[in-house]
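Working notes, beginning with the structure itself.
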Ligand code: GDP
Ligand code: IMO
Ligand code: MG
């Protein structure tokens, strides 16, 4: 089995900088694949434009590799596909000079996010605002719920109009009691849903494929695949800080399940870790900083959601949880991002264990019932005063920054193989 594939996963609560890392490796691969989540993701890539001015791409549902003209991209069965978002993104990149036709493929069994899903989510998020999850409101949870309830409509259903009508009828009948609460006749009408989907059907039909078959073939043709994770390990539906999670499997199991590929296919697993921690939305966050330092991290890290624009909560790096999330996904190397954001701090704290009921956990459970109450145990490290921003050579980092990286390696027992020192594609260190 090929070992030259590469998997890129977030090891925190998302927004670790996966987009930049995926982009960095996309020029060395033939295929980039998304296997979980949907348009809740926001993966940012910053490149130099023709005039040397920086230009930014934010990919939500599309695999980040799509901005590389030679790369074929696949959206697997584990993803949920919002047709509105899909074509907004495709039209946007097209208008920016990126030809995607013939390079993007979607699995027949990828579930579709429908207007009903978005409306239901809005309703449930507003029903008890104290307990709101603060989701991205992209219809992700309700779509996965309907998939589990076996009433969902998949991309493949768009290819056969009789089947599509049948699936729509079943969906609306079974959902009617819930849809009636929304007091919107359009949402309870099979005809309206058919009318909504029809224009997309034609365009999506051309992209439909059997992703498992195609990737198996690509592997036997010695093609190199990059598996692009979305969200972060702590947002995994089953293994994260439930219920403050997303609705897909964001850890390594999601790759096999979401693509129908066997263990072993993943190749090198790079775990992306921001040099500090952020979280968007509600839920436990033991190392959160609600003070001036937290505000400073938000400002210098430009920590505002790439999908919703919401301010991200900020805090110190929590290596106790990273030790666990790296283990869960069989991570073979770490990528530290946004090191430059820590430039100029006198002191940097790093959480190395959680204390709960007088017991120390260096491999802490992610159960939110505990996580909400734990006390983070910190190690204090000396900050650095000269800038790391834009540095591309490890040896040129200030000694304290090198010590920070070495401390991370020692604490979690994994090598840091790459460091990102700025949002631009070029600001990247490869540690040989
Ligand atoms: P993703 O969801 O994991 O792909 O991450 P996002 O794109 O949502 O958020 C990461 C943000 O940090 C984006 O605005 C990136 O352009 C930016 N970024 C990525 N790496 C670095 C870095 O090393 N330094 C700085 N300052 N910004 C970075
Ligand atoms: P990327 O791929 C950060 C969070 C939401 C919310 C929770 C549930 O850019 O790292 P959902 O809409 O998925 O039902 O919301 O998950 N969330 C993310 N946070 N980055 C993401 O993706 C996220 N995708 C979902 O903020 O707390
Ligand atoms: Mg993001």
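Take every DSSP beta bridge whose two residues both sit in the stretch 35-169; close to 55 percent of them are antiparallel.
The stretch 187-215 and the stretch 306-363 have Cα centres separated by 40 Å. Calculated from the alpha-carbon coordinates, the chain shows an Rg and a Dmax of 21.6, 66 Å respectively.
Taking the C-alpha atoms only, the angle from helix 399-412 to the longest principal axis of the chain is near 60 degrees.
Percent antiparallel among DSSP beta bridges with both residues in the chain, to the nearest 5?
Working: 26 of 61 bridges.
Rounded to the nearest five, the antiparallel share is 45 percent.
Kindly express, to the nearest 10 degrees and within the range 0 to 90, the angle between helix 161-179's C-alpha long axis and the longest C-alpha principal axis of the chain. The angle comes out near 70 degrees.
Mean sequence separation of contacting Cα pairs (under 8 Å, at least six apart), scaled by the length of the stretch 220-345, corresponds to a relative contact order of 27 percent. By how many degrees, 0 to 90 and rounded to 10, does the Cα axis of helix 115-127 deviate from the longest principal axis of the chain? Orientation of helix 115-127: about 50 degrees from the principal axis.
Ranked by how many other Cβ atoms sit within 10 Å of their own Cβ, fewest first, the residues 291, 318, 30 fall in the order 291, 30, 318.
Suppose a student asked you for the relative contact order of the chain, using Cα pairs under 8 Å spaced at least 6 residues apart; what percent would you report?
20
Once C-alpha pairs closer than 8 Å and six or more residues apart are averaged by separation and normalised to the residue number of the stretch 88-200, the relative contact order reads 24 percent. Neighbour counts of C-beta atoms inside 10 Å place 213, 196 in the sequence 213, 196, starting with the fewest. Going from the residue with the fewest nearby Cβ atoms within 10 Å to the one with the most, 354, 60, 194 rank 194, 60, 354.
So what's the back-of-envelope 222 nm ellipticity for the chain, counting only DSSP H runs of four-plus at -39500 (n - 2.57) apiece and dividing by all residues, rounded to 500? Show your work: numbers first, answer last.
On the way: 12 runs with 134 residues, N = 432.
-9500 deg cm²/dmol, from helical runs alone.
Each 5 Å bin from zero up to the one holding the largest Cα-Cα distance in the stretch 263-364 carries the following percent of pairs: 2, 11, 19, 22, 19, 15, 8, 3, 1, 0.
If you restrict to DSSP beta bridges whose two residues both lie in the stretch 13-99, what percentage is antiparallel, to the nearest 5? Please report the intermediate quantities before stating the final value.
On the way: 6 of 11 bridges.
Here the antiparallel bridges make up roughly 55 percent for the stretch 13-99.
Coordinate-derived values only; no laboratory data. Being a predicted model, the structure only gives us computed values, none of them experimental. Note that we place each Cβ from the backbone using ideal geometry, even for glycine, and neighbour counts take in every protein chain shown.
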